[in-house]
Amino acid sequence: MQSVNRHGTTPTQPQTDDTDTQNTVGKGADANPYLALSAVLAAIDHGIEQQLTPCAAETGNAYETGGTAVPPTLQQALGAFQRSAIASKAFSAEVVEHYAHLARLEIDHHHRLVTDVERHRWLARA
(Lines give C-alpha, C1' and ligand atoms only; values in the text may rest on other atoms or scores of the structure.)
Protein backbone atom coordinates (compact mmCIF):
# COMPACT_ATOMS: atom_id res chain seq x y z
CA MET A 1 0.00 0.00 0.00
CA GLN A 2 1.14 3.52 -0.71
CA SER A 3 0.39 6.56 1.43
CA VAL A 4 -1.27 9.55 -0.21
CA ASN A 5 0.63 12.86 -0.21
CA ARG A 6 -1.31 15.11 2.19
CA HIS A 7 0.63 18.32 1.51
CA GLY A 8 -1.90 19.73 -0.97
CA THR A 9 -4.60 22.13 0.16
CA THR A 10 -7.62 20.40 -1.40
CA PRO A 11 -8.76 16.81 -1.78
CA THR A 12 -7.07 15.31 -4.82
CA GLN A 13 -7.14 11.54 -4.49
CA PRO A 14 -9.82 9.34 -2.91
CA GLN A 15 -8.97 6.29 -0.87
CA THR A 16 -8.67 3.17 -2.98
CA ASP A 17 -7.46 -0.38 -2.47
CA ASP A 18 -3.96 0.87 -3.38
CA THR A 19 -3.82 3.53 -0.65
CA ASP A 20 -4.01 3.25 3.11
CA THR A 21 -5.08 6.84 3.81
CA GLN A 22 -7.70 9.31 2.60
CA ASN A 23 -6.38 12.60 1.28
CA THR A 24 -8.28 15.41 2.99
CA VAL A 25 -8.25 19.19 3.07
CA GLY A 26 -4.83 20.00 4.50
CA LYS A 27 -5.38 22.95 6.82
CA GLY A 28 -3.48 24.08 9.87
CA ALA A 29 -4.37 22.65 13.25
CA ASP A 30 -5.81 26.01 14.26
CA ALA A 31 -8.16 26.25 11.25
CA ASN A 32 -11.88 26.35 11.98
CA PRO A 33 -13.03 23.06 10.40
CA TYR A 34 -16.54 24.40 9.75
CA LEU A 35 -15.20 27.49 7.99
CA ALA A 36 -12.68 25.42 6.00
CA LEU A 37 -15.37 22.99 4.84
CA SER A 38 -17.73 25.88 4.08
CA ALA A 39 -15.03 27.49 1.92
CA VAL A 40 -14.53 24.25 -0.03
CA LEU A 41 -18.28 23.89 -0.55
CA ALA A 42 -18.58 27.56 -1.60
CA ALA A 43 -15.80 27.02 -4.15
CA ILE A 44 -17.58 23.93 -5.50
CA ASP A 45 -20.87 25.85 -5.67
CA HIS A 46 -19.16 28.74 -7.50
CA GLY A 47 -17.62 26.33 -10.01
CA ILE A 48 -20.98 24.70 -10.70
CA GLU A 49 -22.84 28.03 -11.01
CA GLN A 50 -20.20 29.50 -13.34
CA GLN A 51 -19.89 26.21 -15.25
CA LEU A 52 -16.13 26.26 -14.78
CA THR A 53 -14.08 23.44 -16.22
CA PRO A 54 -11.79 21.86 -13.64
CA CYS A 55 -8.11 21.88 -14.46
CA ALA A 56 -6.25 18.64 -14.95
CA ALA A 57 -5.48 16.60 -11.85
CA GLU A 58 -2.16 17.45 -10.22
CA THR A 59 0.23 14.79 -9.05
CA GLY A 60 3.45 15.13 -7.13
CA ASN A 61 4.58 17.99 -4.93
CA ALA A 62 1.90 20.68 -4.61
CA TYR A 63 4.58 23.32 -4.01
CA GLU A 64 6.26 22.65 -7.36
CA THR A 65 3.24 22.47 -9.70
CA GLY A 66 3.37 26.13 -10.72
CA GLY A 67 -0.30 26.75 -9.91
CA THR A 68 -1.75 29.72 -8.06
CA ALA A 69 0.35 30.40 -5.00
CA VAL A 70 -1.15 30.69 -1.55
CA PRO A 71 -0.52 34.19 -0.12
CA PRO A 72 2.74 33.98 1.87
CA THR A 73 1.59 36.26 4.71
CA LEU A 74 -1.59 36.62 6.72
CA GLN A 75 -1.71 40.30 5.70
CA GLN A 76 -1.79 39.36 1.99
CA ALA A 77 -4.33 36.58 2.62
CA LEU A 78 -6.51 39.05 4.52
CA GLY A 79 -6.50 41.45 1.59
CA ALA A 80 -7.45 38.72 -0.87
CA PHE A 81 -10.21 37.46 1.46
CA GLN A 82 -11.69 40.95 1.88
CA ARG A 83 -11.69 41.54 -1.90
CA SER A 84 -13.26 38.15 -2.65
CA ALA A 85 -16.73 38.41 -4.15
CA ILE A 86 -17.09 34.65 -3.70
CA ALA A 87 -16.44 34.91 0.05
CA SER A 88 -18.92 37.79 0.42
CA LYS A 89 -21.58 35.87 -1.47
CA ALA A 90 -20.96 32.59 0.36
CA PHE A 91 -20.60 33.93 3.91
CA SER A 92 -22.17 37.45 3.79
CA ALA A 93 -20.34 40.74 4.14
CA GLU A 94 -20.85 40.67 7.92
CA VAL A 95 -19.12 37.29 8.34
CA VAL A 96 -16.26 38.34 6.05
CA GLU A 97 -15.77 41.50 8.13
CA HIS A 98 -15.90 39.47 11.37
CA TYR A 99 -13.12 37.13 10.22
CA ALA A 100 -11.16 40.05 8.74
CA HIS A 101 -11.34 41.80 12.12
CA LEU A 102 -10.03 38.66 13.86
CA ALA A 103 -7.18 38.44 11.34
CA ARG A 104 -6.28 42.11 11.93
CA LEU A 105 -6.20 41.45 15.70
CA GLU A 106 -3.86 38.49 15.11
CA ILE A 107 -1.60 40.56 12.83
CA ASP A 108 -1.48 43.42 15.37
CA HIS A 109 -0.65 40.98 18.18
CA HIS A 110 2.13 39.42 16.10
CA HIS A 111 3.67 42.83 15.37
CA ARG A 112 3.85 43.57 19.12
CA LEU A 113 5.79 40.38 19.93
CA VAL A 114 9.54 40.25 20.17
CA THR A 115 10.87 36.82 19.23
CA ASP A 116 13.80 35.00 20.80
CA VAL A 117 15.73 35.44 17.55
CA GLU A 118 15.28 39.22 17.70
CA ARG A 119 16.32 39.31 21.37
CA HIS A 120 19.43 37.27 20.60
CA ARG A 121 20.33 39.55 17.69
CA TRP A 122 19.93 42.65 19.87
CA LEU A 123 21.96 41.16 22.72
CA ALA A 124 24.71 40.10 20.30
CA ARG A 125 24.99 43.69 19.06
CA ALA A 126 25.02 45.25 22.55
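The residues of the stretch 96-126 that are of a type in the set (Phe, Trp, Tyr) and under 24 Å from residue 32 (Cα atoms) amount to a single one, 99. Listed by first and then second residue, the pairs with beta-carbon distance under 7 Å, at least 6 apart or on different chains, first residue in the stretch 76-92 and among the charged types (D, E, K, R), second part of a helix (DSSP H, G or I) and crowded, with 16+ Cβ neighbours inside 10 Å, form an empty list.
Could you tell me how many of the residues in the stretch 68-100 are within 18 Å of the chain's Cα centre (by Cα), surrounded by 11 or more Cβ atoms within 10 Å (Cβ to Cβ) and not hydrophobic (A, V, I, L, M, F, W, C)? I'd like the intermediate steps shown before the answer.
Looking only at the stretch 68-100, we keep the residues that are within 18 Å of the chain's Cα centre (by Cα), and these are 68-88, 90-91, 95-100.
Narrowing further to those that are surrounded by 11 or more Cβ atoms within 10 Å (Cβ to Cβ): 70-71, 74-82, 84, 86-88, 90-91, 95-100.
From the residues that got through so far, the ones that are not hydrophobic (A, V, I, L, M, F, W, C) too are 71, 75-76, 79, 82, 84, 88, 97-99.
Looking only at that region, the number is 10.
Being modelled with pLDDT under 80, in a loop (DSSP other than H, G, I, E, B) and surrounded by 13 or more Cβ atoms within 10 Å (Cβ to Cβ) is a description that applies to residue 12. Sub-9 Å Cβ pairs linking a first residue in the stretch 97-126 that is more than 30 Å from residue 85 (Cα to Cα) to a second residue that is open to solvent by less than 80 Å² (accessible area, probe 1.4 Å), at least 6 apart or interchain, are 122/114, ordered by first then second residue.
Taking the stretch 21-43, which residues are surrounded by fewer than 10 Cβ atoms within 10 Å (Cβ to Cβ) and modelled with pLDDT of 80 or more?
Taking the stretch 21-43 first, the residues surrounded by fewer than 10 Cβ atoms within 10 Å (Cβ to Cβ) are 28-30, 33-34.
Result: 33, 34.
Among the residues of the stretch 101-110, those that are open to solvent by 50 Å² or more (accessible area, probe 1.4 Å) and not basic (Lys, Arg) comprise 101, 102, 105, 106, 108, 109, 110.
The criterion of at least 1 residues that are at pLDDT 90 or above and not acidic (Asp, Glu) is met, among helices (runs of 4 or more DSSP H) falling completely within the stretch 51-126, by 74-83, 85-91, 93-112.
Looking at the stretch 42-67, which of its residues are touching a residue at least 24 places away in the same chain (Cβ under 8 Å), hydrophobic (A, V, I, L, M, F, W, C) and closer than 29 Å to residue 106 by Cβ? Hits for the stretch 42-67 are 42, 43, 62.
The values are calculated or read from the model by the stated rules, or taken from the named source; none is laboratory data. Just so we're clear, the structure is a prediction, and the values are computed from it rather than from any experiment. Ideal geometry is used to build each Cβ from the backbone, glycine not excepted, and the neighbour counts take in all protein chains shown. In case anyone asks, the SASA skips ligands and DNA or RNA and just uses the protein heavy atoms, side chains included. Shrake-Rupley method; radii C 1.70, N 1.55, O 1.52, S 1.80 Å.
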